[in-house]
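One structure below.
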Amino acid sequence: MKQKATVLKENILDAAIVLFTEKGVEKVTTRELTEQVGIARSHIYHYFPDWQTLCVEAFSRFMYAELETFTQKTRALPPEQGLNTFVEDYLPDRADAVWELYGSLWRLAVHNKVYAELALTLTEKWDALLASVIAAGIESGVFRQTDVLRVTRQLSSLLNGYSDQLIIDSAPLAREQALGDIHGFIHLALLVEKDMATDR
């Protein structure tokens with residue numbers, strides 16, 4: 001019975017994410033969600049005390065799963081390739097539903113402490129992954145010795161800033177310029193001196 005209840009709760013959360021990505025979290029109603037899952041409205045509030053709790057759990061379930069997939073993909077690669085993959089995958093080539101979902105969370109976070117805490121925690125975990133890739137590159141000699149946390153903050157700011165811009169302007173040239181700027185920063189901040197000398 002407990003297992004069945006867990007499955008139903010997960011189905012509710014997954015259905016919520018489907019609707020959030022299709023319509024935007026602000027436009028989804030409880031009625032639409034119950035119709036999507038095929039349950040009575042009372043079931044929703046049996047598992048979640050209120051709509052905000054449901055939304056936060058749905059965001060968390062989806063975004064932590066995406067982070068885990070991204071982590072496994074990145075850490076399976078050599079550090080330099082892993083960092084390049086991180087950058088390439090992080091920047092959207094179009095304003096897709098996933099990025100709009102993140103945008104919804106960030107908009108809600110501006111005015112709501114609960115959403116803000118989730119957004120900050122997710123940001124910290126993404127930054128921790130980025131820092132681990134940089135640290136692995138330093139340890140293997142691919143990247144030069146540097147302040148890992150400082151470079152992580154700088155690179156994270158570039159990635160998030162350009163991501164916001166590309167959601168609005170997804171033209172191929174805009175993404176190409178963004179990637180050029182970010183890889184230029186990586187070249188200056190992380191490449192070991194012998195590589196820089198060779199490039200010159």
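Where a number appears in this text, it was derived from the coordinates with a stated rule and is not lab data. Just so you know, these numbers come straight off a predicted model, no measurement behind them. We place every Cβ from the backbone using ideal geometry, glycine too, and count neighbours over all the protein chains shown.
Within the listed set A97, A119, A76, the Gaussian network model of the chain (springs between alpha-carbon atoms below 10 Å) gives the highest mean-square fluctuation for A76.
Could you list I168, I39, I44, I134 so that the one with the fewest beta carbons within 10 Å of its beta carbon is first and the one with the most is last?
On the way: I168 8, I39 17, I44 20, I134 25.
Lowest to highest Cβ neighbour count: I168, I39, I44, I134.
Annotation: amide H-H contacts under 5 Å for F143 (H modelled 1.01 Å from N, sequence separation of 5 or more, or interchain): I138.
Which one of A119, G137, L54 is farthest out on the positive end of the charge dipole of the chain, using unit charges on Cβ (Lys, Arg +1; Asp, Glu -1) and the Cα centre as origin? Working it through, the farthest residue towards the positive pole turns out to be L54.
Magnitude of the charge dipole for the stretch 20-112, about its Cα centre and with charges confined to Cβ atoms of Lys, Arg (+1) and Asp, Glu (-1), is about 260 debye. The charge dipole of the chain, taken about its Cα centre with unit charges on the Cβ of Lys, Arg, Asp and Glu (plus for the first two, minus for the last two), comes to roughly 580 debye. The dipole here belongs to the stretch 1-48: it is taken about the Cα centre, uses +1 on the Cβ of Lys and Arg and -1 on the Cβ of Asp and Glu, and is about 220 debye. In straight-distance terms, cross-link reach from K9 covers every one of the aspartates and glutamates whose alpha-carbon lies under 12 Å from its own, apart from those fewer than eight places away in the same chain; here that gives E57.
Neighbour counts of other C-beta atoms within 10 Å: give me L101, L179, L130 arranged from fewest to most. Mind dumping the intermediate values first?
Working: L101 20, L179 16, L130 23.
Ascending number of Cβ neighbours within 10 Å: L179, L101, L130.
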